[in-house]
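Please treat every number below as a calculation from the coordinates, not as lab data. Values in this document were obtained by computation on a predicted structure and should not be read as measured data. Please note: Cβ atoms are built from the backbone with ideal geometry, for glycine as well, and neighbour counts cover all protein chains shown.
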C-alpha cells in the first residue's frame with residue numbers, strides 16, 4: 001500500500017532556519033551540565049516554553065504542568081510597557097501574535113543565571129514582523145490597527161534584531177510565574193527580508209516539533 005502523505009522536511013534550509021532550530025542550544029548545554037534538580041527543572045521548563053511558544057502550541061505551555069494558574073507578564077519597550085495579568089490576558093496575547101503573523105521569533109546567544117526563584121539574563125532576540133505592524137514598540141502595536149508608516153513596505157516582512165534583558169520568576173514547584181522583559185532600545189536593527197526567507201507559522205512548527213520533547217515535560 002502506497003503512502004501518499006507528504007514528507008515533512010524538518011531540516012533547516014536557510015540561515016534563518018538554522019538560527020531558529022538552534023535557539024535553545026545554549027540552554028541544552030546548561031541543562032546537561034546542571035547538577036541541581038530544581039535548576040534543571042526550571043531550565044527544561046524554559047526550553048520547552050520557548051519552543052512551544054514559537055511553534056504556535058501556546059496552549060501547551062500555559063497548561064497547569066508548566067505555568068501557574070494566573071501568570072503575569074511585564075514587557076518594556078522604549079518608553080512603553082505592557083502588563084498582562086492573568087491567564088486570559090496572557091492567552092489573548094499569544095492569540096494576537098499568531099493572528100498578526102508575529103509569533104515566529106527566536107533567541108540567539110544567551111547568557112543567564114538560574115536560581116531556585118527562577119532565572120535572569122540577556123539574549124539576542126530576532127523576530128519576523130510584517131511591515132504593516134512595524135512601530136517604535138513592536139509588542140505595543142498588538143491589537144491596534146496596522147501602522148501607516150512610509151518608511152516600511154506594508155506588504156513586506158522585516159526582521160527585527162535587538163538585545164533583551166529578562167527575568168522569569170518560578171514557584172517552588174518549578175512552574176513559571178511570568179516573564180519580565182526589558183528592551184535595549186539602542187541595539188534594535190530592522191532589515192527587510194525576502195519572502196523566501198520568512199519562516200511561516202506552519203514551517204516553524206515543522207522545524208520545532210521534532211526537538212520540543214527532547215527532555216519531556218519537567219516534573
- Query: In square nanometres, what is the average projected area of the Cα convex hull of region 158-199?
  - Reply: 4.2 nm²
- Cα→Cβ-extended label distance, 7 Å offset, between residue 95 and residue 214, nm: 3.2 nm
- Message: Once you order the gyration tensor axes a ≥ b ≥ c over the Cα atoms, which shape class does region 61-115 get: rounded for a/c under 1.5, otherwise prolate or oblate by comparing a/b with b/c?
- Response: rounded
- Message: Is the C-alpha gyration tensor of region 145-219 telling us rounded, prolate or oblate? Criteria: a/c under 1.5 is rounded; beyond that, a/b larger than b/c is prolate, otherwise oblate.
- Response: oblate
- Query: Sorting 105, 23, 38 on the 10 Å Cβ count, fewest up front, what's the list?
  - Reply: 38, 105, 23
- Give the percent of DSSP beta bridges with both residues in the chain that are antiparallel, rounded to the nearest 5. 85 percent
- Mean ellipticity per residue at 222 nm, deg cm²/dmol - from DSSP H runs of n ≥ 4 across the chain, formula -39500 (n - 2.57): -8500 deg cm²/dmol
- Taking springs between alpha-carbon atoms closer than 10 angstrom, which of 125, 157, 16 fluctuates most in the Gaussian network model of the chain? 16
- Task: Sort 111, 40 so that the residue with the fewest other Cβ atoms within 10 Å of its own Cβ comes first and the one with the most comes last.
- Result: 111, 40
- Item | Mean separation of Cα contacts under 8 Å, 6 or more apart, over the residue count of region 15-211: relative contact order % | 24 percent
- Note on the structure: Cα-based Debye curve of region 15-211 sampled at q = 0.13 Å⁻¹ gives log₁₀ I(q)/I(0) of -0.69
- Task: Can you grab the distance from the C-alpha centre of region 62-105 to the C-alpha centre of region 150-219, Å, no decimals?
- Result: 12 Å
